[in-house]
Structure formats: structure tokens, C-alpha cells
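Worksheet: one structure, shown below.
Laboratory data are not the source of any read-out in this text; all were calculated from the coordinates shown. Given the structure is predicted, the values throughout are model-derived calculations rather than measurements. Positions of Cβ are backbone-derived with ideal geometry, glycine not excepted, and every protein chain shown enters the neighbour counts.
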Amino acid sequence: MLHNSYQVSKRATPLLPNHYLSDLRETKVYQEALEEGREEGGLSAKKSLILRQLNLKLGSIPLKVEQKIKQLNPNQLDNLALALLDFSDLEDLHQWLN
């Protein structure tokens, strides 16, 4: 059984020594990439929340409309999050998007 004969220890040696990793984490490029990842994660979560809210309020959202919402910028998403409180049907959402 090959899969049992090869086990990786939790204490396996990293590819880079720890002092190189800590130096890497202090670089501007690393910090910018980390911040960008956090922003993208937050934006993705915001889009998911708005889509869930729309589904609860209006029922199933057509795929084309969902894709259009996923293309909105952060400011537009904030505006949609407030506007959806006043929506009563899908037509309200269509009008807002157009």
C-alpha cells in the first residue's frame, strides 16, 4: 500500500527557512498581495450576501441578472444593498440594474 508507506510529518521542513519567510512577509509586494486578497475576499462575501438577500426577497434570480450583479463595483454593491430593501419584485431589480 503505497499511500500508507509515505507519511508527511507535521514537522516537515519547510521549503524556505523561517527567517526567509519572515523577511518575505515584510516586503511591500507581499503586503500588497495580502491586502488585495483580503479585499477580494470581502467583495466576494458582499456579493454572496446581496444575492442571498435578493433571493429571499424576490425569489430565484435569473442567471443573467446574477452575473450582472457579480460585475458591479464595490460602490454599486453598497448602493444595491440599500436599494434592495425597497424592491417588491424582479422588475424593480431590473430597473435598478439598467
Practice task
List, in order, the whole-Hz ³J(HN,Hα) value for each residue of the stretch 48-61 obtained from phi through the Karplus relation with A = 6.51, B = -1.76, C = 1.60 and θ = phi - 60°; use x for Gly and Pro.
Solution key: 4, 5, 4, 5, 5, 4, 5, 4, 5, 7, 10, x, 4, 8
Completion exercise
Length gained if residue 48 through residue 60 is fully extended, taking 0.36 nm per residue and subtracting the Cα-Cα distance, is 2.9 nm
Handout entry: 12 Å beta-carbon shell around residue 96, net charge (K/R +1, D/E -1)
Key = -3
Practice task
Determine which aspartates and glutamates satisfy two conditions relative to residue 70: a Cα distance under 13 Å, and not lying fewer than 8 residues away in the same chain.
Solution key: 40, 78
